[in-house]
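Read through the structure below, which is laid out as structure tokens, and then see the notes.
The values are calculated or read from the model by the stated rules, or taken from the named source; none is laboratory data. Given the structure is predicted, the values throughout are model-derived calculations rather than measurements. Counting neighbours? That spans all protein chains shown, and the Cβs are built from the backbone with ideal geometry, glycine included.
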Amino acid sequence: MDADELRGRVREFLAGHDPAALDRSTFLRARFDAGLAWISFPVGLGGLGAPRALQPVVDAEFAAAGAPDNQPLRIGIGLGMAAPTILRHGTDEQRQRFLRPLWTGEEVWCQLFSEPGAGSDLAALGTRAVRDGDDWIVTGQKVWTSMAHEARWAILIARTDPDVPKHQGLTYFVCDMTAPGVEVRPLRQITGEAEFNEVFLTDVRLPDALRLGAVGDGWQVARTTLMNERVAIGGGAAPREAGMIGVVAGEWRSRPELRTPGQHDALLRLWVAAEAARLAGQRLREQLAAGQPGAEGSAAKYAYAKLNAEISGFELELLGEEGLRYDDYTMRRPSIVDWQHRSPGYRYLRAKGNSIEGGTSEILANIIAERVLGLPAEPRTDTTVAWKDLPR
Ligand SMILES: Cc1cc2nc3c(=O)[nH]c(=O)nc-3n(C[C@H](O)[C@H](O)[C@H](O)COP(=O)(O)OP(=O)(O)OC[C@H]3O[C@@H](n4cnc5c(N)ncnc54)[C@H](O)[C@@H]3O)c2cc1C
């Protein structure tokens with residue numbers, strides 16, 4: 001299937017589904033059913049089995065027709081992490097149940113992985129799931145759970161066997177965020193808002209039908225999620241000058257009074273680095289079209305975090321005193337992380353999280369050194385770092 005054929009399919013679909021006449025959910029559900037949602041997914045699950053690299057062609061056609069999108073910034077965890085995991089490890093029934101409302105944005109997902117004592121060393125997690133007939137009873141505490149306050153479902157890893165080595169005793173579940181015993185409390189962060197939460201799970205009863213993958217295979221399933229997470233955070237398709245560099249380049253062009261020769265040099269270096277990262281991301285997505293993401297996804301996420309920190313810092317310097325003004329420090333629980341339409345101060349502070357979320361930059365540097373560059377491995381200790389255990 002090529003770009004022209006896809007364009008033809010979108011036009012045919014639009015001829016029968018006027019975006020101006022249909023409500024958002026009806027339109028998006030029909031788009032999913034026509035296989036024009038995530039085109040690389042199988043037929044019947046929102047896709048056409050088409051090359052992933054052609055997704056921007058389809059999205060651009062819909063955007064040009066003024067069609068509503070599925071608010072990808074709001075449902076990033078579902079799209080980028082839960083969906084590829086369900087597709088790969090879920091049963092047919094689970095795929096049919098979860099993927100459509102996930103893609104349309106009718107059901108928001110969050111990720112219950114990190115715990116107070118298990119972040120980089122994720123496999124050390126202590127949340128327990130104990131079998132009780134056809135159910136599992138889950139008890140534990142998760143932390144830094146983005147969008148848990150909006151979520152209908154969560155991807156969850158829990159320990160089902162404490163007597164085997166830590167990676168082998170884990171099982172992966174879909175957690176019903178409306179189940180009795182799930183308590184979500186906001187965690188206010190440096191930006192002022194609480195985009196993430198702590199989640200307390202007290203005797204939460206989950207039917208075995210919500211288990212994803214075999215009992216004890218949770219780590220294998222989680223690896224799919226973690227590798228896709230890197231790509232979702234750092235490897236998204238973007239036109240030239242999208243993202244943080246576009247904001248700063250715009251300010252540079254429109255505010256000549258701010259410029260100094262030294263800053264010109266610094267901005268050009270950042271611009272070139274951002275463009276190189278964008279092109280490397282494009283190459284990564286082409287590799288992805290041929291299979292699952294590998295360790296290279298870590299490099300994309302590493303570069304994204306580093307650049308965002310540097311560019312947002314440059315923006316503050318460029319704007320001087322004006323950059324120190326903060327737009328809004330109200331404690332809120334946002335539905336979308338939208339740094340583009342916030343102040344430079346917000347961008348600077350939010351970029352700090354980029355080097356932590358989805359695996360810290362230190363851990364990613366280790367992965368790149370060992371798995372991509374083939375440098376000698378760091379000596380292992382008994383607190384072997386889980387994020388490093390991703391396949392080549
Ligand atoms: C904005 C944001 C959103 C998040 N959203 C979610 C979410 O939705 N769901 C979820 O489950 N989690 C989420 N997280 C949590 C995130 O995945 C963890 O914070 C991250 O994995 C690091 O774990 P930790 O905080 O426990 O730090 P630790 O693992 O305790 O690390 C502390 C420091 O030690 C360094 N370090 C640790 N081990 C090594 C090593 N072997 N070599 C070198 N340095 C090392 C780390 O790089 C870091 O600087 C989010 C975090 C942020 C910032």
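Table for the structure above
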{"item": "Of all residues making up region 58-90, the number that are over 25 Å from residue 110 (Cα atoms) and surrounded by fewer than 18 Cβ atoms within 10 Å (Cβ to Cβ)", "result": "5"}
{"item": "Filter result for residue 363 (assigned to a helix (DSSP H, G or I), within 11 Å of the ligand (Cβ to nearest atom) and under 19 Å from residue 143 (Cβ atoms))", "result": "yes"}
{"item": "Complete set of residues in region 3-19 that are under 18 Å from residue 69 (Cα atoms) and within 27 Å of the chain's Cα centre (by Cα)", "result": "6, 10"}
{"item": "Residue among 101, 51, 19 that is farther than 28 Å from residue 218 by Cβ, of a type outside the set (S, T, N, Q), surrounded by 15 or more Cβ atoms within 10 Å (Cβ to Cβ) and modelled with pLDDT of 95 or more", "result": "19"}
{"item": "Selected residue (only one of 230, 240 is of a type outside the set (A, V, I, L, M), on the phi < 0 side of the Ramachandran plot and not in a helix (DSSP H, G or I))", "result": "240"}
{"item": "Matching entry among 116, 165 (being surrounded by fewer than 21 Cβ atoms within 10 Å (Cβ to Cβ), farther than 19 Å from residue 76 by Cβ and touching a strand residue (DSSP E or B) at 6+ places or on another chain (Cβ under 9 Å))", "result": "116"}
{"item": "Residues located in region 168-220, provided they are crowded, with 17+ Cβ neighbours inside 10 Å and hydroxyl-bearing (Ser, Thr, Tyr)", "result": "171, 172, 191"}
{"item": "Unmet requirement for residue 223, which otherwise passes all of (1) of a type in the set (Lys, Arg); (2) within 16 Å of the ligand (Cβ to nearest atom); (3) assigned to a loop (DSSP other than H, G, I, E, B)", "result": "(3)"}
